[in-house]
1. Listed here are the pairs Lys32/Lys72; Lys38/Lys66; Lys44/Lys66; which of them are more than 21 Å apart at the Cα?
2. Over region 22-118, what relative contact order in percent results from Cα pairs under 8 Å that are six or more residues apart?
3. Compute the distance in nm between two label points, each set 7 Å from the Cα along the Cα-to-Cβ direction, one at Asp99 and one at Asp26.
4. Within the set of other residues whose C-beta is less than 15 Å from the C-beta of Ala41, count the net charge using Lys and Arg as +1 and Asp and Glu as -1.
5. Going by a ≥ b ≥ c, the root eigenvalues of the Cα gyration tensor, does region 33-118 fall in the rounded group (a/c under 1.5), the prolate group (a/b larger than b/c) or the oblate group?
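Only the coordinates and a few stated rules stand behind these numbers; no lab work does. The shown structure was predicted, so the numbers you read here are calculated from the model rather than taken from an experiment. Because the Cβ atoms are built from the backbone with ideal geometry, glycine has one as well, and the counts that use them run over all protein chains shown.
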Amino acid sequence: MKFIRRKDFGRKGNQKTEDERIIVQDVVIEPKTWRAWKGSAELKFSNREFELLRFLAENPNIVFSKEDLFEKIWGYEYVSDAATVSVHINRLREKIEDDARNPKIIETVWGAGYRLNG
């Protein structure tokens, strides 16, 4: 599994264009454009789904509890509970995993939380 943060800069004089991508297996995430692809197909996410995916992809191999993820993505002032995280993780898995029932990218660490394998 690959995790790549790549910055490509144009080579014409002093003109610089930055293209930052996070690549995890066959999923490409462009945090600045809020776009993502699996293979050649563009994926569609709700805002919270994309924020969750981006956060996990920017912090690979770190286990986050549901409570941690809820605080980071939804914030303290949001009225709901950490079960919301499970729903969004399942939606992400349906979109990015080859087999959502046997996830390889977003893994459940039983009793601890979730980790994006990078």
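1. Correct reply: Lys38/Lys66; Lys44/Lys66.
2. Numbers: 116 pairs, mean separation 27.6, N = 97.
Averaging sequence separation for qualifying contacts and normalising by length gives 28 percent for region 22-118.
3. So the label points at Asp99 and Asp26 sit 1.5 nm apart.
4. Values: positive: Arg35, Lys38, Lys44, Lys95; negative: Asp26, Glu30, Glu42, Glu94, Glu97, Asp98.
Cβ neighbours under 15 Å give a net charge of -2.
5. Values: a/c = 1.73, a/b = 1.27, b/c = 1.36.
It comes out oblate by the Cα gyration axes.
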